[in-house]
């Protein structure tokens, strides 16, 4: 397999998606809720795909902790809009773990309590898709993805260092320390038809192949 070609092809696909997401997010401090939801639906699987691409880079190029190998990825100009004076965000290298405990009931449900035979109803909060919501967290996530795509080898070194720290800190505990969680990746949609769904599927397969059947890096 031509690993360099595969890495480049999927990196370019993620860069194209990122450009569309940044354009959709706009340069304002707020945006309609329904628009932000649409961006999140693409951003979450894109982050998972990028996380797996970083794993591939680390495995294929044999990047170890404290390895000062050369960067093969060019720097991307520009950035996510609406962020200034803040510490540059770091891309999350590890999948969020699956939650197995029951979720809390949705907010806004009426609750009834009785105090001296007086009924008290909590007001129902109506959420409208047209509500204007903050873009600060979204923009920071977009910027983190952009910075990670700008230098994949650097992110692979970060991953190797974090894995080494987790392995040392959790030695003998049996806790899961891998960056890729078991099962389906975050943002996975079985019947997804968006390009990001296919990119995530391919990157997930490549990462598993690179982990379980690593190439000879010399």
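Among 135-143, 49-57, the peptide with the highest mean count of other Cβ atoms within 10 Å heads the list, and the full ranking is 49-57, 135-143. Computed from the C-beta positions of residue 168 and residue 15 and an R0 of 30 Å, the FRET efficiency is 0.30 to the nearest 0.05. What is the gain in length, in nm to one decimal, between residue 27 and residue 131 on full extension, counting 0.36 nm per residue of separation less the C-alpha to C-alpha distance? Using 0.36 nm per residue and subtracting the Cα-Cα distance, I get 35.7 nm. Annotation: the residues 61, 3, sorted from fewest to most other C-beta atoms within 10 Å of their own C-beta, follow the order 3, 61.
Between residue 94 and residue 66, residue separation times 0.36 nm minus the direct Cα-Cα distance comes to 8.2 nm.
Any read-out appearing in this document is the output of simple, stated calculations on the displayed coordinates, not a laboratory observation. Keep in mind it's a predicted model, so treat the numbers as computed, not measured. Counting neighbours? That spans all protein chains shown, and the Cβs are built from the backbone with ideal geometry, glycine included.
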